[in-house]
C-alpha cells in the first residue's frame, strides 16, 4: 500500500519537513538494527515539534512489511515518527523484525493524523476519512488510504472498520457504536520522488 498522493488533507507540512521525517524514520530504523540504540535527532523545522498522531508503514517490494502508529499527538511529531518507525520495523506482531538488508529496499510511508472528531455514517467519505470505531471494549482503526487502495464504498469501509474491531460488520448501524473520523497527510519515499 504505497500512497500515490501527497495528502488527503492538503499539504500541511513543507516538502522539506516531509523529507526530513522520512530521513529520520529510515535513520532511526538503521540505528536500532545496527547499534541497538537511537540518540535524539536534531530537528530545526518548527512544524516537526508540534504534537501529532502518526503511523509509519513499511513496504517491501510493494507488500506491507510493518505498520505501527499512535492515534493521538502527545509528543513532538518527529519523536513520534522515530518511535513508530522503530516499532513498525521491529515489533509489528504480523512480521519478523526487518533486517538491515531489507531496509535498503524498503519504502517508508508516513501518515500524519488530524485530531479525531465524531462522525455519522452518511458523512463518511472513503479515501478522505480514516475511521476509529468504539463499541464497548472493542476498538478498530483504518487509515484513509486503505479505502482508496481497495476501492471500497462507504458501506464496505464501515463494514471493514467493524470487522477490524472484532464486532459484527453491521455494528456501525447501532447507536451504541461510536464512530470517529480523522484525515491524514500521507507521503512516502515513492510519492516524494514522483513530484
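The values are calculated or read from the model by the stated rules, or taken from the named source; none is laboratory data. Quick caveat, the model's predicted, so the values are computed rather than measured. Cβ atoms come from the backbone with ideal geometry, glycine included; neighbour counts cover every protein chain shown.
So which residues in segment 44-79 are crowded, with 18+ Cβ neighbours inside 10 Å and in a loop (DSSP other than H, G, I, E, B), if there are any at all? Within segment 44-79, 52, 53 meet the criteria.
Of everything in segment 48-71 that is over 17 Å from residue 184 (Cα atoms) and without any contact (Cβ under 8 Å) to a residue 40 or more places away in the chain, the residue that is nearest to the chain's Cα centre (by Cα) is 66. Which count do you get for residues in segment 169-192 that are part of a loop (DSSP other than H, G, I, E, B), touching a strand residue (DSSP E or B) at 6+ places or on another chain (Cβ under 9 Å) and surrounded by fewer than 21 Cβ atoms within 10 Å (Cβ to Cβ)? Qualifying residue count, segment 169-192: 2. The sole residue among 125, 133, 82 that is assigned to a strand (DSSP E or B), at pLDDT 95 or above and either farther than 26 Å from residue 193 by Cα or within 14 Å of the chain's Cα centre (by Cα) (or both) is 133. Being touching a helix residue (DSSP H, G or I) at 6+ places or on another chain (Cβ under 8 Å) and more than 21 Å from residue 146 (Cβ to Cβ) holds for only one residue in 51, 96, and it is 51.
Residues that are under 19 Å from residue 187 (Cβ atoms) and free of Cβ contacts under 8 Å to residues at least 40 places away in the same chain do occur in segment 32-43, at least one of them. Take the conditions (1) assigned to a helix (DSSP H, G or I); (2) within 19 Å of residue 66 (Cα to Cα); (3) modelled with pLDDT of 95 or more; residue 95 misses just one of them, which is (1).
Conditions (1) surrounded by 14 or more Cβ atoms within 10 Å (Cβ to Cβ); (2) within 28 Å of residue 173 (Cα to Cα); (3) touching a residue at least 24 places away in the same chain (Cβ under 8 Å), marked per residue:
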| site | (1), (2), (3) |
| --- | --- |
| 84 | yes, no, yes |
| 93 | no, no, no |
| 98 | yes, no, yes |
| 106 | yes, no, yes |
| 112 | yes, no, yes |
| 117 | no, yes, yes |
| 132 | yes, yes, yes |
| 135 | yes, yes, yes |
| 141 | yes, yes, yes |
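Criterion first (modelled with pLDDT of 95 or more and either surrounded by fewer than 17 Cβ atoms within 10 Å (Cβ to Cβ) or in the same structural domain as residue 99 (by TED's automatic domain parsing) (or both)) does residue 33 satisfy it? The answer is no for residue 33.
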